[in-house]
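S.K.: Sharing a structure below in structure tokens format, with a few things to ask.
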Amino acid sequence: MSTCIVMGSQWGDEGKGKVVDLLARGAQVVVRFQGGANAGHTIWHGTRKVVLHQLPSGVLTPGCLNLVGNGSVVDPERMLEELEELRAVGVEPTPDSLGLSSLAHVVTPIHKRVDGIAGGRIGTTGRGIGFAYADKARRVGIRLEAVLDGSLHDAFRQQLETHRPWLEEHDPGAVDELLRRIELFTRALDQLRPFVRDIRPELQGALQAGHNVLYEGAQGALLDLDHGTYPFVTSSSTAIGGALTGTGVWAAFDHRIAVVKAYTTRVGNGPFPTELHGPIGEDLRARGREYGATTGRPRRCGWLDLHLLRHATRASGYNGIALTKLDCLSGLPEISVATGRGTDGQPVYRTLPGWDEDILGAPSVDSLPANARAYVDFIAQQLGVPVTILSTGPDRDQTLVLEAPW
Ligand code: IMP
């Protein structure tokens, strides 16, 4: 019985969905603590694929309690779509299996509208995330609890007033359009009412009872609002601290798993020191099918960067690595890894020999080619963190669990 947190260690898209899908099957509680519809986790229900954006990945596990903490931002219209998608595969979440924190903030149509125009500089997902968190910080946000006390209409109008001058300048006509959307928006929110409550006692109870509790991180360490590549970051705390402020319940995390992709990708703008612009980068994109799950955008690709991973390890105290997409490197004659920075601030690389063998779905670590094993060992040794899960293909059974949290 233990508490496990799974976090992205790079710029998101490390393959967290597969790891949390695997672990959610043995969890009694799965909790999300930050982010919102900007995330995209692919999980499987039998042979059917389900892409979850806001709902915790335990929604497909019978008997599992799924909680969305106060650090998340909830887009009600999109959440209803996700619930609909679950119904289509025969899963009907009830208040017994799903709880949304009454303290979580709501992404309103205003946030999405503004992000659609102003988010371009950062290359956001356009889901209104940054503006929902900004309104939370400047104390004009709407919390889910508004659906319980009937203050929704007024709160929406007040929020719109604070955005009016900017909208009138940059998006004439938007204010009237948004006013016309109030009804649709409040109706959507109202449908979530049965799930809205103070989730803290339940989470605390599960932790005290020693249940298997899985904290499901979204995005990655380098997109953390404080510790990431600011301003090219998301607007929440993706490192471990976010799990405490984003739930309001103290927990000791027995297993702190970093999901590390065997190379690096990034969507959106911002620095990427090990980015490959030429044919090798394009080759990596093709091998790894590197296109965004949420927006479909092609991802920028480059070599693994241990310098940045050390920074992420310091922030979150990883004690296990889930290494993903190792199979995508098969056939490369050489693989470079940034081990640090030179005096000019540029990455210093170490080049390791590649392997030719196809390792898709390898049955054991011992069956891997020596050079693949050496690559895995090199990462673990450089970070001082063992590889506890190794993914060698997109399917669920193409995963080697070397040390399971439960
Ligand atoms: P936002 O979270 O939509 O505000 O976008 C801010 C930055 O985070 C952009 O560079 C996005 O591409 C990136 N981002 C947000 N969510 C994800 C994710 O789930 N995977 C990868 N990148 C993300």
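S.K.: If one takes the longest principal axis of the Cα atoms in the chain, at what angle in degrees, from 0 to 90 and to the nearest 10, does the Cα axis of helix 306-316 lie?
M.R.: In the chain, helix 306-316 runs at an angle near 50 degrees to the longest axis.
S.K.: So what's the angle, to the nearest 10 degrees on a 0 to 90 scale, between helix 109-118 and the longest Cα principal axis of the chain?
M.R.: Taking the Cα atoms of the chain, the angle to 109-118 is about 50 degrees.
S.K.: Around VAL74, which amide H atoms from residues at least 5 apart in sequence, or from another chain, sit under 5 Å from its own amide H, with H modelled in the peptide plane?
M.R.: HIS105, VAL106, VAL107
S.K.: By how many nm would the segment from GLN208 to ASP254 lengthen if fully extended, with 0.36 nm per residue of separation less the alpha-carbon distance?
M.R.: On the way: separation 46, 0.36 × 46 = 16.56 nm, distance 1.37 nm.
Full extension from GLN208 to ASP254 adds 15.2 nm.
S.K.: Can you give the FRET efficiency for ASP198 and THR339, using 1/(1 + (r/R0)^6), R0 = 45 Å, r = Cβ-Cβ distance, to the nearest 0.05?
M.R.: 0.45
S.K.: A further question on this structure: Ordering ILE117, ILE122 by how much accessible area each has at a 1.4 Å probe, largest first, what is the list? Present the calculation step by step, with values, prior to reporting the outcome.
M.R.: Working: ILE117 80, ILE122 30 Å².
In descending accessible area the options line up as ILE117, ILE122.
S.K.: Per residue of the range 144-158, what does 6.51 cos²θ - 1.76 cosθ + 1.60 with θ = phi - 60° give for ³J(HN,Hα)? Whole Hz please, x for Gly and Pro, Karplus curve as stated.
M.R.: 4, 4, 4, 6, 8, 10, x, 9, 4, 4, 5, 5, 5, 4, 5
S.K.: When DSSP assigns beta bridges and you keep just the ones with both residues in the chain, what percent turn out antiparallel, to the nearest 5?
M.R.: 40 percent
S.K.: Exceeding 20 Å between C-alpha atoms, which entries from my cross-link table qualify? They are LYS18/LYS49; LYS16/LYS325; LYS16/LYS136.
M.R.: LYS16/LYS136
S.K.: At a Förster radius of 41 Å, what calculated FRET efficiency corresponds to the Cβ-Cβ distance of GLN191 and VAL348, to the nearest 0.05? Walk me through the intermediate numbers first.
M.R.: Working: r = 54 Å, r/R0 = 1.32.
Approximately 0.15, to the nearest 0.05.
S.K.: I would also like to ask the following. Gain in length, LEU184 to ALA118, computed as 0.36 nm per residue apart minus the alpha-carbon separation, to one decimal in nm? Don't jump to the answer; show the numbers that get you there.
M.R.: Details: separation 66, 0.36 × 66 = 23.76 nm, distance 2.40 nm.
Extra length available between LEU184 and ALA118 comes to 21.4 nm.
S.K.: Using Cα springs under 10 Å in a Gaussian network model of the chain, which residue among ASN38, ASN269, ASN212 shows the largest mean-square fluctuation?
M.R.: Looking only at ASN38, ASN269, ASN212, the biggest GNM fluctuation is shown by ASN269.
S.K.: Additional query: Roughly how many whole Å is it from the C-alpha centroid of the range 168-238 to that of the range 342-406?
M.R.: 33 Å
S.K.: Hey, another quick one. What residue among GLY126, GLY36, GLY296 shows peak mean-square fluctuation when the chain is described by a Gaussian network model with Cα springs under 10 Å?
M.R.: Largest GNM mean-square fluctuation: GLY296.
S.K.: Would you give the gap between the C-alpha center of the range 264-329 and the C-alpha center of the range 82-124, rounded to a whole Å?
M.R.: The range 264-329 and the range 82-124 have Cα centres separated by 26 Å.
S.K.: Please work out whether the range 1-157 counts as rounded, prolate or oblate from its C-alpha gyration tensor, where a ≥ b ≥ c are the square roots of the eigenvalues and a/c under 1.5 means rounded, while otherwise a/b larger than b/c means prolate and anything else oblate?
M.R.: Prolate, since a/c reaches 1.5 and a/b exceeds b/c.
S.K.: Let me know the shape class of the range 65-163, please: from the alpha-carbon gyration tensor, a ≥ b ≥ c as square roots of the eigenvalues, rounded when a/c is under 1.5, otherwise prolate if a/b is greater than b/c, or oblate.
M.R.: Taking the square roots of the gyration eigenvalues as a ≥ b ≥ c, the range 65-163 is oblate.
S.K.: Treating the angle as unsigned and between 0 and 90°, give the value, to the nearest 10°, between the Cα long axis of helix 370-383 and the longest Cα principal axis of the chain.
M.R.: For 370-383 against the chain, the angle is about 60 degrees.
S.K.: Further, regarding this structure: Just check the range 283-406 against the gyration tensor rule for me: Cα atoms, a ≥ b ≥ c as the square roots of the eigenvalues, rounded for a/c under 1.5, and otherwise prolate or oblate depending on whether a/b exceeds b/c.
M.R.: rounded
S.K.: While we're on this one: About the Cα centre of the chain, what is the dipole size in debye to 20, counting +1 per Lys and Arg Cβ and -1 per Asp and Glu Cβ, all else neutral? Numbers along the way, then the final one.
M.R.: Working: 40 positive and 46 negative charges, 81 e Å.
The dipole magnitude comes to about 380 debye.
The values are calculated or read from the model by the stated rules, or taken from the named source; none is laboratory data. Just so we're clear, the structure is a prediction, and the values are computed from it rather than from any experiment. With ideal geometry, Cβ positions are generated from the backbone for all residues, glycine too; neighbour counts draw on all protein chains shown. Note: areas computed on protein heavy atoms with side chains; ligands, DNA, RNA excluded. Shrake-Rupley method; radii C 1.70, N 1.55, O 1.52, S 1.80 Å.
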